[in-house]
Amino acid sequence: MITQFLEASQKKWTKVLIGLAVALVLCFLVNVALGSVTIPLSNLLSFITSGNSGQPSWDMILSNFRLPKAITAVLVGSALGVSGLQMQTLFRNPLAGPYILGISSGAGLGVAIAIFLGFYLGGFLELSGIGRSWLLVASAGAGSFLVLLIISLAATRLKDSITLLIIGLMFGAAAGALVSILQFFSQAENIQAYVIWSFGSLGSLSWSELYVFIPVILIGLIGSVLLSKPLNTLLLGENYAVSLGLNIKKIRLLIIINTAILAGTVTAFCGPIAFFGVALPHLTRMLFNTSNHLLLTPLIILFGSALMLIFDFIAQLPGMEATLPINAVTALFGAPFVIYILLRKKNLNYAYQS
């Protein structure tokens, strides 16, 4: 009887994962095909298989803009969703997100320094061949790494995860204050450049940047899969996890590092993208009715990728030249859902009860 139940359950989840994978492929094709210029599906498939869509202008659009943007959307959706799940489980807080430890604020501070001070090095950048986009990526990565280093050192000393959470929030507030001071003393065009970065963008990555972005995110996602069992143990509570032989400090540090890799890399290359990492784990739990991280992690990777492609499609405003900031689209959909989660007070901690 038990064996039959396990076999039926395994078949069920296999079908769900295959269905999500098919949906992801369809969302990818629709996202790439539609936009200000509509490319027929047959021509798109021809380009994917042979590198030739039949029209040189379509080839340029697909290779230089739409394919990189769609690949970025897939990786960003999976990375933010998984890192949000890890933070919510680690802190047993349903409103925790991938940026709760101040990683995004550290990246924002690095970018602010690069924009408000580093752009005065324009002549040096031209002589050295370093592009300004790489300067922003390096600055955001350095800011995220600095916050990660401080939080990691704190994680090795503290026993209480809540104290670590408060430290992360304080670092975020301090970084935000420094950004405000830099903005106060900066010129209007530099402030505008920082605001544009803060909107977030999925379409700003070139292939040379994707060659760095893709492997780093994949490493983080593989790490997330490997952390699924320890995360399941943490659902039972830290005291019970310790009684089962789990090294809380070590696992906490690994989760923080993995989340920082995912969220920090996304922020460095694409800017901050709000609410997605907070809302997606709850939406996935509600739709698929599971708190098992061995299932949740692949479900969020597939579902988050497809959902980010849909949000990017909405941001494109098909048939129009304008493109909305992806940060605005995710906030418009994510904020109401977070409010809905807050209103469901009796079920707010449904995923964290032992």
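The values are calculated or read from the model by the stated rules, or taken from the named source; none is laboratory data. Just so we're clear, the structure is a prediction, and the values are computed from it rather than from any experiment. When we count neighbours, we look across all protein chains shown, and the Cβ atoms used for this are built from the backbone with ideal geometry, even at glycine. Ligands, DNA and RNA are excluded from the accessible area calculation, which covers all protein heavy atoms including side chains. Shrake-Rupley method; radii C 1.70, N 1.55, O 1.52, S 1.80 Å.
So the values come out like this:
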quantity	calculated
Pairs with Cβ under 7 Å, 6+ apart, first in region 183-204 and free of Cβ contacts under 8 Å to residues at least 60 places away in the same chain, second part of a loop (DSSP other than H, G, I, E, B) and open to solvent by 30 Å² or more (accessible area, probe 1.4 Å)	none
Tabulated pairs, region 169-182, first over 10 Å from residue 105 (Cα atoms), second aliphatic (A, V, I, L, M) and surrounded by fewer than 16 Cβ atoms within 10 Å (Cβ to Cβ), C-beta under 9 angstrom, 6+ apart or interchain	182/117
Any hit, region 101-109, residues being over 30 Å from residue 284 (Cα atoms) and surrounded by 20 or more Cβ atoms within 10 Å (Cβ to Cβ)	yes
Residue match in region 48-66 (condition: within 13 Å of residue 312 (Cβ to Cβ), touching a residue at least 60 places away in the same chain (Cβ under 8 Å), open to solvent by 80 Å² or more (accessible area, probe 1.4 Å) and not acidic (Asp, Glu))	yes
Residue count, region 93-117 (criterion: among the aromatic types (Phe, Trp, Tyr) and at pLDDT below 80)	1
Residues of region 30-47 that turn out to be of a type in the set (Val, Ile, Thr), open to solvent by 80 Å² or more (accessible area, probe 1.4 Å) and modelled with pLDDT of 85 or more, as a count	0
Any hit, region 2-24, residues being modelled with pLDDT of 85 or more and either open to solvent by less than 10 Å² (accessible area, probe 1.4 Å) or touching a Lys or Arg at 6+ places or on another chain (Cβ under 8 Å) (or both)	no
Members of region 280-310 found to be open to solvent by 20 Å² or more (accessible area, probe 1.4 Å) and outside any loop (DSSP other than H, G, I, E, B), listed by number	283, 286, 287, 288, 294, 295, 298, 301, 302, 303, 307, 310
Residue count, region 211-241 (criterion: assigned to a helix (DSSP H, G or I), over 17 Å from residue 305 (Cα atoms) and either touching a residue at least 12 places away in the same chain (Cβ under 8 Å) or open to solvent by less than 80 Å² (accessible area, probe 1.4 Å) (or both))	12
Selection status of residue 336, modelled with pLDDT under 75 and either within 24 Å of residue 197 (Cβ to Cβ) or not hydrophobic (A, V, I, L, M, F, W, C) (or both)	no
